[in-house]
Amino acid sequence: MDREEINALLLERLSWVLSQREPIATEDDLKNLMQGGLTRDEAMGIFLMTAMDLDMEEMEAREIYHRYLPRMLREMTPETVNRDPYVQAMSGLSGEMEGRILTEDAIAAGEIFLRGDMQVDRDGRVLPPVGYSLSEIRYPAMGDEDGSWMSCEPFEIATLRPKAEEAGGKVVSLGLGLGYYAFHALLNPNVTEVICVERDEGIIRLFENHLLPRFPRRERLSILHMDAFDYVRERLGEDLPDTVMVDLWRDAGDGTELYERMKALETAGPRWQYWIEDMIRYYRSARA
C-alpha cells in the first residue's frame, strides 16, 4: 500500500470504531499489557489496532501502529472537560422546550474519542488526534428523546475554544448551538460584542431561557433569528464585524458543501474562522 492507501485504511477503520461509542479496553487490560514493558498509550494502541481489525502481521498495520498511533493517541482525564469555564458554569443544568432537551452525555471509561482537528505531517501521514480516558467524562449536551445531537465534548472544546480566544472586536458567530464559542468569546477581553445568527427558533428559545442566564457579559450578546447564508448576503456589510465564526455543520461529512458555499461568500475585512477547517480541507483534497 502507498501512503494515501494507508491513510484511507486508517480513517475508515478508525471512523468505524469511533461510531460504535463503546469501550475498547479497561484499566486492568492495560495494566496486563504494561507488565511487558509497554507504556499506557502503547498498550491502548494494541487494543485500538484490535478494535480496528488490523493484523500486526500485515505491513500496513505495523506502519500504522509504529508511525501513526504514537503521534495520535493520548490519555486524557475528566479534568480536560471539568475545568473548562463553560462546563463549570453549566454544571447541573437541565431543561426542555419543544422536544429539545438539555442534559448530559458521557464518554465511557476506555472509549476512544477525537480530541482535536485533523493533522497531516510533512510526509503526508494523516494523524487525527485520538484520546481515551480510564474514567468516565461527562459534558453538557442537547438532544431529544432519541439521544443527544449537540454537545460540549472534548473535541468541541479543543476545536472551538482556541478560535474564541483568537477572536477580537465585534464577533459574529454563524450558528448558536449550546453557545460554547460565544461563551468563550465573551470571556475574551479583546472581544467587544458577540452576535449569534441562528435559524432554529426553538434552539434560540431554549438558549435564552436556560443557558443565557449563566453567561458572562451577556449584555454584550445578541441573537438574530436568521439563516446564516442570508445574513452574510444581506446583513454582514451593515454590521461590519471584525471576526466571523462559521459553525454550521455536525462533522466534516455534512460540512464540506456548506463550507464551500460560505467560502464563496467571504468578504474582505473580517477575520473568517471555520470550525474543523483542517479536517474539511483534508477530506476535500482526498475526494479530489
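Could you list all residues from segment 200-210 that are more than 21 Å from the chain's Cα centre (by Cα) and not in a helix (DSSP H, G or I)?
Within segment 200-210, none qualify.
Here is a list of conditions, (1) of a type outside the set (Val, Ile, Thr); (2) without any contact (Cβ under 8 Å) to a residue 12 or more places away in the chain; (3) buried (at least 17 other Cβ atoms within 10 Å of the Cβ), and residue 88 meets all of them except one; can you say which number that is?
Failing condition for residue 88: (3).
Mind telling me which of the residues 206, 211, 265, 224 ends up being in contact (Cβ under 8 Å) with a residue 12 or more places away in the chain and out of contact with any Lys or Arg (no Cβ under 9 Å at 6 or more places or on another chain)?
211
For the condition surrounded by 14 or more Cβ atoms within 10 Å (Cβ to Cβ), of a type outside the set (Gly, Ala, Ser), under 20 Å from the mean Cα position of the chain (by Cα) and in the same structural domain as residue 280 (by TED's automatic domain parsing), what is the one hit in 176, 224, 236?
176
Could you list all residues from segment 239-256 that are modelled with pLDDT under 95, surrounded by fewer than 13 Cβ atoms within 10 Å (Cβ to Cβ) and farther than 19 Å from residue 200 by Cα?
253
Residue 185 passes all but one of (1) surrounded by fewer than 13 Cβ atoms within 10 Å (Cβ to Cβ); (2) under 20 Å from residue 84 (Cα atoms); which number fails?
(1)
Restricted to segment 257-288, and to residues that are within 19 Å of residue 8 (Cβ to Cβ) and of a type outside the set (A, V, I, L, M, F, W, C), which residue is surrounded by the fewest Cβ atoms within 10 Å (Cβ to Cβ)?
Taking the candidates together, the pick is 287.
Within segment 70-117, how many residues turn out to be more than 20 Å from the chain's Cα centre (by Cα) and modelled with pLDDT of 95 or more?
Number of matching residues: 1.
The values are calculated or read from the model by the stated rules, or taken from the named source; none is laboratory data. These figures come from a predicted structure and were not determined experimentally. In this analysis, Cβ positions are derived from the backbone assuming ideal geometry, glycine residues included, and neighbour counts consider all displayed protein chains.
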